[in-house]
Amino acid sequence: MKAILIAAALKKRVRGASDPAVALEELVRLAETGDVEVIHKELIRLPRYSPSTLIGSGKVEELKKRVEETKPNIIIFDEELTPAQQRNLERELGLPVIDRTYLILEIFSRRARTREGKLQVRLARLSYDLTHLTGKGSAMGQQHGMIGTRGPGERQLEYDRRTLRDKITALEKELNAIKNERDTQRKNRDAVPMPQAAIVGYTNSGKSTLLNRLTGREKAVYADDKLFATLDPTTRRVRLPGGGWVLLTDTVGFIQKLPHNLVAAFRSTFEETAHADLILHVHDLSSPYLKLQHTAVQETLKELDLAGIPVINVYNKIDAAPPHRVNSETLRRMRPVYVSALTGEGTNNLMTRVEAALTAKWEDYELVLPAGRQKLLSGIYKTAMVHKADYGPDEIKISFRATKENHLRILKMLKAE
């Protein structure tokens, strides 16, 4: 499929608005991810937006000529279009017209692999459709009343809205059931306290590749050089340098102008991040839009009420980044960790930082265990940092570092028969 991409922006820059040129380049990547061939891209500067076509009649005429020259199959706008704008543009251009939000929804629908991910995307799609319903021609006519119904019937538009709302309600019930299952799984994990860290970042920053590197398993999580290569959160156990383990969760990547429907639909997925003790914010150090991407992630974290969790800024892809980036004084003030998930460079330093951050509130303890309590001893090694273990004929003296909650759990197990 061939497409023309259009970004529209006001000539007078709105403070705090994203750079339209950067957004257009990102739209190109999104189109390519959706297997769309971009034959032309254009940034249109406007004194004001047109309520009927967004870009105004003059620009529509120019775009019609471009369509005649290049013969695309579809037009994709970077801005979210109203139903009226979309309908008017399609009538004028004689082609299907979609917006950035629809394109992202389409990509998500292809990428979702788990049942929950598919349901979340479907919910976002239905919510989008609900806000873009319009009547077209005779389809807006009255439906005839049926036996057992009251009144002359209802308009087609009202019927479509009610149908969509019913489907949305059914999906929300299914997702709530899955959420309850995940809450139960989380409680089971919490029964054996283990520190948890979430990996977040801009899409295609290398989060999944980093998790694979840290687990030592090349294909533990699907990773690819594409936007939104993975949507479903994946948790893996990673060994800390001083002993014990940390649970690392890979999350869906962020992006500029991430559709609110998707943020709402995936909110339950991000609850895994909300329960994290630490966030690893992974950046693509080779990206020319590093600062903009950092800001986009920070704003999304705030929107999800996750801004209060401690953060380690991880700058990935040092093997592909310009040398001046690694030595940037601006970045150094953020106390970053520089890594290459591809080669493994810097990952040992990263895990040392992770351990220091997670164990800052841990305390030192000593216990004497009967020699036969091997299961309890194994549990201590898995969930704490063991400093020393002295094995005697009848007992084991062990010193370790752990959270207060984990120490209480160990004492309870020790007293159990």
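The values are calculated or read from the model by the stated rules, or taken from the named source; none is laboratory data. Just so we're clear, the structure is a prediction, and the values are computed from it rather than from any experiment. Cβ: placed from backbone, ideal geometry, glycine included. Neighbour counts: every protein chain shown. For the accessible areas, the whole protein counts, side chains as well, though only heavy atoms, and no ligand, DNA or RNA atoms are used. Shrake-Rupley method; radii C 1.70, N 1.55, O 1.52, S 1.80 Å.
A Cβ-based charge dipole, computed about the Cα centre of the chain with Lys and Arg at +1 and Asp and Glu at -1, lands at about 320 debye.
By the Cα gyration tensor, the chain has an equivalent ellipsoid whose semi-axes, rounded to whole angstrom, run 50, 29, 15 from largest to smallest. Straight-line cross-link partners of Lys302 among the lysines, defined as a Cα under 19 Å from its Cα and at least 8 positions apart when in the same chain: Lys257, Lys291.
Ranked by the mean number of other Cβ atoms within 10 Å per residue, highest first, peptides 106-113, 59-66 order as 106-113, 59-66. The calculated Kirkwood hydrodynamic radius for the range 48-126 is 13.9 Å, given to one decimal from all distinct C-alpha pairs.
Over all pairs of different C-alpha atoms in the range 1-141, the reciprocal of the mean inverse distance, the Kirkwood hydrodynamic radius, equals 16.1 Å.
Solvent-accessible surface (1.4 Å probe) assigned to Glu69 amounts to roughly 130 Å². Residues in the chain average 52 Å² of solvent-accessible surface per residue, probe 1.4 Å, ligands and nucleic acids excluded.
Suppose we look only past 15 Å in the calculated P(r) of the range 1-75. What percent of the Cα-Cα pairs does that tail hold? Let's see the in-between values first.
Details: 1610 of 2775 pairs.
Tail fraction, whole percent: 58.
Using a probe radius of 1.4 angstrom, the carbon and sulfur fraction of the accessible surface of the chain is 50%. Which aspartates and glutamates have a Cα lying under 20 Å from the Cα of Lys412, excluding residues fewer than 8 positions away in the same chain? The qualifying aspartates and glutamates are Asp190, Glu363, Asp364, Glu366, Glu395. The antiparallel fraction among DSSP beta bridges confined to the range 281-402 stands at about 70%. Return one number: the angle in degrees, 0 to 90 and rounded to the nearest 10, between the long axis of the Cα atoms of helix 20-33 and the longest principal axis of the Cα atoms of the chain. Between the helix axis and the principal axis of the chain, the angle is about 80 degrees. For the residue pairs Lys167/Lys207; Lys2/Lys59; Lys12/Lys41, the C-alpha atoms sit more than 25 angstrom apart in Lys167/Lys207. If I fit a long axis through the Cα atoms of helix 404-415 and take the longest principal axis of the Cα atoms of the chain, what angle between them do I get, 0 to 90°, rounded to 10? Approximately 50 degrees, to the nearest ten.
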